[in-house]
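The values are calculated or read from the model by the stated rules, or taken from the named source; none is laboratory data. From a predicted model like this one, the values you see are computed outputs, not experimental measurements. For neighbour counting, all protein chains shown are included, and Cβ atoms are generated from backbone atoms with ideal geometry for every residue, glycine included.
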Amino acid sequence: MVCHKTSPKGFTLIEVLITIAVLGLIGTTAMFSLFGYRSRNNFNLDAETLVSAIRDAYSRAENGEEGSAWGIQITNAASGSDYFEVFKGTTYSASNVVVRSPFSAYTQIISPTSGNSTTTIFSARTGTSTAQIAPRLQRTGGSETYTISVSSLGLVSKTSP
(Lines give C-alpha, C1' and ligand atoms only; values in the text may rest on other atoms or scores of the structure.)
Protein backbone atom coordinates (compact mmCIF):
# COMPACT_ATOMS: atom_id res chain seq x y z
CA MET A 1 0.00 0.00 0.00
CA VAL A 2 1.30 3.38 -1.04
CA CYS A 3 0.38 6.47 1.01
CA HIS A 4 0.51 9.83 -0.60
CA LYS A 5 1.02 12.65 1.80
CA THR A 6 -0.77 15.80 0.64
CA SER A 7 0.26 19.21 1.78
CA PRO A 8 -2.43 21.36 3.38
CA LYS A 9 -3.99 24.02 1.22
CA GLY A 10 -4.60 27.58 2.50
CA PHE A 11 -3.06 29.68 5.22
CA THR A 12 -2.37 28.85 8.80
CA LEU A 13 -3.96 30.85 11.58
CA ILE A 14 -0.63 32.48 12.44
CA GLU A 15 -0.16 33.68 8.86
CA VAL A 16 -3.64 35.21 8.80
CA LEU A 17 -3.13 36.96 12.16
CA ILE A 18 0.22 38.41 11.09
CA THR A 19 -1.31 39.70 7.83
CA ILE A 20 -4.19 41.36 9.71
CA ALA A 21 -1.76 42.98 12.18
CA VAL A 22 0.42 44.38 9.36
CA LEU A 23 -2.63 45.73 7.49
CA GLY A 24 -3.90 47.35 10.72
CA LEU A 25 -0.54 49.03 11.27
CA ILE A 26 -0.46 50.35 7.71
CA GLY A 27 -4.04 51.62 8.00
CA THR A 28 -3.36 53.40 11.29
CA THR A 29 -0.26 55.09 9.87
CA ALA A 30 -2.17 56.21 6.78
CA MET A 31 -5.00 57.61 8.93
CA PHE A 32 -2.62 59.75 11.03
CA SER A 33 -0.84 60.97 7.91
CA LEU A 34 -4.15 61.95 6.34
CA PHE A 35 -5.22 63.83 9.48
CA GLY A 36 -1.91 65.76 9.52
CA TYR A 37 -2.31 66.61 5.84
CA ARG A 38 -5.88 67.80 6.37
CA SER A 39 -4.87 69.90 9.37
CA ARG A 40 -1.98 71.59 7.50
CA ASN A 41 -4.12 72.11 4.41
CA ASN A 42 -6.96 73.79 6.33
CA PHE A 43 -4.48 75.95 8.25
CA ASN A 44 -2.86 77.12 5.00
CA LEU A 45 -6.31 77.76 3.51
CA ASP A 46 -7.29 79.91 6.52
CA ALA A 47 -4.11 81.99 6.15
CA GLU A 48 -4.68 82.46 2.40
CA THR A 49 -8.33 83.39 2.99
CA LEU A 50 -7.29 86.08 5.48
CA VAL A 51 -4.65 87.48 3.09
CA SER A 52 -7.23 87.53 0.30
CA ALA A 53 -9.78 89.33 2.50
CA ILE A 54 -7.22 91.98 3.50
CA ARG A 55 -6.28 92.53 -0.14
CA ASP A 56 -9.97 92.72 -1.04
CA ALA A 57 -10.61 95.43 1.59
CA TYR A 58 -7.55 97.32 0.30
CA SER A 59 -8.76 97.04 -3.30
CA ARG A 60 -12.27 98.21 -2.41
CA ALA A 61 -10.84 101.27 -0.63
CA GLU A 62 -8.33 102.10 -3.36
CA ASN A 63 -11.03 101.83 -6.04
CA GLY A 64 -13.32 104.02 -3.96
CA GLU A 65 -16.08 101.42 -3.84
CA GLU A 66 -19.20 103.06 -2.41
CA GLY A 67 -17.06 106.19 -1.89
CA SER A 68 -15.90 104.79 1.42
CA ALA A 69 -12.90 103.59 3.34
CA TRP A 70 -12.77 99.83 3.95
CA GLY A 71 -11.28 97.91 6.84
CA ILE A 72 -10.70 94.54 8.38
CA GLN A 73 -10.95 93.46 11.99
CA ILE A 74 -9.35 90.22 13.18
CA THR A 75 -10.73 88.89 16.46
CA ASN A 76 -9.27 86.33 18.84
CA ALA A 77 -12.51 85.31 20.53
CA ALA A 78 -12.36 84.55 24.24
CA SER A 79 -14.86 81.76 23.56
CA GLY A 80 -15.98 80.22 20.30
CA SER A 81 -14.24 80.47 16.95
CA ASP A 82 -11.75 83.19 16.06
CA TYR A 83 -12.86 85.22 13.03
CA PHE A 84 -12.27 88.22 10.81
CA GLU A 85 -14.66 90.81 9.44
CA VAL A 86 -14.46 93.10 6.41
CA PHE A 87 -16.36 96.34 6.89
CA LYS A 88 -16.92 99.66 5.16
CA GLY A 89 -16.44 103.04 6.78
CA THR A 90 -13.82 104.88 8.77
CA THR A 91 -14.63 103.08 12.03
CA TYR A 92 -15.63 99.53 12.85
CA SER A 93 -19.31 98.96 13.49
CA ALA A 94 -21.17 95.66 13.43
CA SER A 95 -23.76 97.28 11.14
CA ASN A 96 -21.05 98.03 8.54
CA VAL A 97 -19.75 94.45 8.30
CA VAL A 98 -20.07 92.98 4.80
CA VAL A 99 -18.10 89.74 5.36
CA ARG A 100 -17.67 87.74 8.56
CA SER A 101 -15.58 84.62 8.28
CA PRO A 102 -14.64 82.24 11.12
CA PHE A 103 -11.37 80.37 11.07
CA SER A 104 -11.49 76.57 10.97
CA ALA A 105 -10.85 74.47 14.07
CA TYR A 106 -7.32 73.91 12.73
CA THR A 107 -6.34 77.58 13.17
CA GLN A 108 -5.94 79.67 16.28
CA ILE A 109 -4.94 83.31 16.56
CA ILE A 110 -2.05 83.87 18.95
CA SER A 111 -1.74 87.61 18.30
CA PRO A 112 -3.82 89.54 19.20
CA THR A 113 -4.29 87.77 22.50
CA SER A 114 -7.51 86.07 23.59
CA GLY A 115 -10.48 88.39 23.86
CA ASN A 116 -8.83 91.11 21.75
CA SER A 117 -8.91 92.22 18.14
CA THR A 118 -6.78 94.20 15.73
CA THR A 119 -8.17 96.54 13.10
CA THR A 120 -6.86 98.42 10.12
CA ILE A 121 -8.77 100.72 7.82
CA PHE A 122 -7.73 101.51 4.25
CA SER A 123 -8.39 105.10 3.17
CA ALA A 124 -10.72 105.69 0.24
CA ARG A 125 -8.88 106.25 -3.06
CA THR A 126 -5.33 106.02 -1.62
CA GLY A 127 -5.58 102.64 0.11
CA THR A 128 -3.18 103.74 2.84
CA SER A 129 -3.65 101.89 6.10
CA THR A 130 -4.50 103.62 9.38
CA ALA A 131 -2.51 101.05 11.35
CA GLN A 132 0.21 98.55 10.62
CA ILE A 133 -1.01 95.19 11.87
CA ALA A 134 0.65 91.80 12.11
CA PRO A 135 -1.72 89.11 13.38
CA ARG A 136 -0.14 85.70 14.03
CA LEU A 137 -1.89 82.43 13.28
CA GLN A 138 -0.87 79.02 14.61
CA ARG A 139 -1.98 75.58 13.51
CA THR A 140 -3.99 73.98 16.29
CA GLY A 141 -1.97 71.13 17.76
CA GLY A 142 1.05 72.02 15.61
CA SER A 143 4.02 74.33 15.62
CA GLU A 144 3.46 76.01 12.24
CA THR A 145 2.77 79.74 12.39
CA TYR A 146 2.13 82.55 9.93
CA THR A 147 2.45 86.27 10.47
CA ILE A 148 0.23 88.33 8.19
CA SER A 149 1.69 91.84 7.94
CA VAL A 150 -0.08 94.92 6.61
CA SER A 151 2.10 97.99 6.02
CA SER A 152 0.99 101.62 6.21
CA LEU A 153 0.88 101.59 2.40
CA GLY A 154 -1.57 98.69 2.44
CA LEU A 155 0.93 96.06 1.31
CA VAL A 156 0.16 92.56 2.61
CA SER A 157 2.67 89.77 3.21
CA LYS A 158 2.47 86.31 4.77
CA THR A 159 5.60 84.99 6.45
CA SER A 160 6.40 81.81 8.32
CA PRO A 161 9.17 82.25 10.90
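Residue-wise test of (1) surrounded by fewer than 17 Cβ atoms within 10 Å (Cβ to Cβ); (2) more than 14 Å from Ala53 (Cβ to Cβ); (3) among the β-branched types (Val, Ile, Thr).
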{"site": "Glu66", "(1), (2), (3)": "yes, yes, no"}
{"site": "Gly80", "(1), (2), (3)": "yes, yes, no"}
{"site": "Glu85", "(1), (2), (3)": "no, no, no"}
{"site": "Thr90", "(1), (2), (3)": "yes, yes, yes"}
{"site": "Ser101", "(1), (2), (3)": "yes, no, no"}
{"site": "Ala105", "(1), (2), (3)": "yes, yes, no"}
{"site": "Gly115", "(1), (2), (3)": "yes, yes, no"}
{"site": "Thr130", "(1), (2), (3)": "yes, yes, yes"}
{"site": "Ser152", "(1), (2), (3)": "yes, yes, no"}
Which one of Gln138, Gln73 is surrounded by 16 or more Cβ atoms within 10 Å (Cβ to Cβ), at pLDDT 95 or above, farther than 24 Å from Ser39 by Cα and not hydroxyl-bearing (Ser, Thr, Tyr)?
Gln73
Only residues that are charged (D, E, K, R) and either modelled with pLDDT of 95 or more or at negative phi (or both): list them for segment 53-70, please.
Arg55, Asp56, Arg60, Glu62, Glu65
Among the candidates Ser123, Ser111, Ser59, which residue alone is under 27 Å from Tyr37 (Cα atoms) and either small (Gly, Ala, Ser) or without any contact (Cβ under 8 Å) to a residue 12 or more places away in the chain (or both)?
Ser111
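For Ile148, indicate whether it is in contact with a Lys or Arg (Cβ under 7 Å, 6 or more places away or on another chain) and assigned to a strand (DSSP E or B).
Details: in contact with a Lys or Arg (Cβ under 7 Å, 6 or more places away or on another chain): yes; assigned to a strand (DSSP E or B): yes.
In short, yes.
Can you tell me which of Ser95, Ser79, Ser101 is farther than 22 Å from Thr147 by Cβ and not in a loop (DSSP other than H, G, I, E, B)? Full working, then the answer.
Details: Ser79 fails: not in a loop (DSSP other than H, G, I, E, B); Ser101 fails: farther than 22 Å from Thr147 by Cβ.
Sole residue among the options that is farther than 22 Å from Thr147 by Cβ and not in a loop (DSSP other than H, G, I, E, B): Ser95.
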